[in-house]
1. Wholly within the range 73-177, which strands (runs of 3 or more DSSP E) include no fewer than the required count, namely at least 3 residues that are surrounded by fewer than 21 Cβ atoms within 10 Å (Cβ to Cβ) and of a type in the set (Val, Ile, Thr)?
2. How many residues are in contact with a strand residue (DSSP E or B) (Cβ under 9 Å, 6 or more places away or on another chain) and at pLDDT 95 or above if we restrict to the range 134-172?
3. Which of the residues spanning the range 135-164 are hydroxyl-bearing (Ser, Thr, Tyr) and free of Cβ contacts under 8 Å to residues at least 60 places away in the same chain?
4. Which residues, counting only those in the range 43-90, are over 23 Å from Phe197 (Cα atoms), among the acidic types (Asp, Glu) and under 18 Å from the mean Cα position of the chain (by Cα)?
5. Taking Leu186, is it free of Cβ contacts under 8 Å to residues at least 60 places away in the same chain, more than 18 Å from Leu106 (Cα to Cα) and surrounded by 16 or more Cβ atoms within 10 Å (Cβ to Cβ)?
6. Quick test for you: out of Val116, Val136, Val84, pick the one residue that is touching a helix residue (DSSP H, G or I) at 6+ places or on another chain (Cβ under 6 Å), β-branched (Val, Ile, Thr) and closer than 22 Å to Ala56 by Cβ.
7. Of a type outside the set (Gly, Ala, Ser) and crowded, with 21+ Cβ neighbours inside 10 Å - does that describe any residue in the range 43-52?
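The values are calculated or read from the model by the stated rules, or taken from the named source; none is laboratory data. Here the structure is a predicted model, which is why all the values come from computation and not from measurement. With ideal geometry, Cβ positions are generated from the backbone for all residues, glycine too; neighbour counts draw on all protein chains shown.
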Amino acid sequence: MRLKSEPSCAVSFVSLLDAKIGDHVFQHFTDQPAEALDDIRWDEPKRKKTPLPQLAEEFTRAFQRTQWGVNGQVEPRFFADSFVFRDPDVTTNGIREYAKGTGTVLSGCKADAVDVQVVEPDRFAIRWRIEGTANVPFPGLKIKPYIVTSTFTVNADGLVDSETDAFSIPTWDILLSALTPGLPFLAPPEPPVVSPFA
């Protein structure tokens with residue numbers, strides 16, 4: 001008999017499907033129309049180097065204000081040209097590719113920064129809650145709210161050169177919750193938060 005908290009064998013199939021969706025998402029990174037990014041000032045001067053705590057605070061407030069974690073409307077002044085993004089399903093190179101992909105996939109979502117911490121001399125981490133709808137594998141796919149931990153590394157010029165995202169729940173849980181919500185072994189949705197960076 002299967003325990004209530006134990007995922008069913010469907011998880012294996014969903015994990016495979018999730019990998020296929022990751023490939024589909026990656027294709028969107030290069031297919032996004034350029035006009036969707038017209039408001040971004042790609043040629044703006046880069047931010048001058050400051051102590052890491054100051055950068056982390058300013059970066060998090062900009063993240064919350066612009067919602068670039070879900071709509072792709074980045075502020076290039078914070079980022080190195082060599083910026084790399086990684087999450088459990090996708091890797092992209094360059095801030096433009098990140099912006100295009102994020103705006104394509106998550107434009108129906110909201111991001112709320114919960115906190116930010118300097119974790120090493122050259123990196124800081126933002127914890128943020130995501131909720132809303134995704135545009136792949138089909139538009140309007142409801143996302144159960146969960147927490148993303150985004151860890152950013154900073155280069156010698158004081159610019160963010162990488163982001164690595166980790167999720168508070170497995171990707172198969174995110175997908176199963178969207179397709180068949182209410183299964184007993186799925187994690188509960190993350191409660192609403194009021195961002196202190198708003």
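1. Qualifying strands (runs of 3 or more DSSP E): 108-120, 141-154.
2. 24
3. The answer is Tyr146, Thr149, Thr151, Thr153.
4. Asp87, Asp89 - these are the residues of the range 43-90 that are over 23 Å from Phe197 (Cα atoms), among the acidic types (Asp, Glu) and under 18 Å from the mean Cα position of the chain (by Cα).
5. Taking the combined requirement at face value, the residue satisfies it.
6. When all the criteria are applied, what remains is Val116.
7. no
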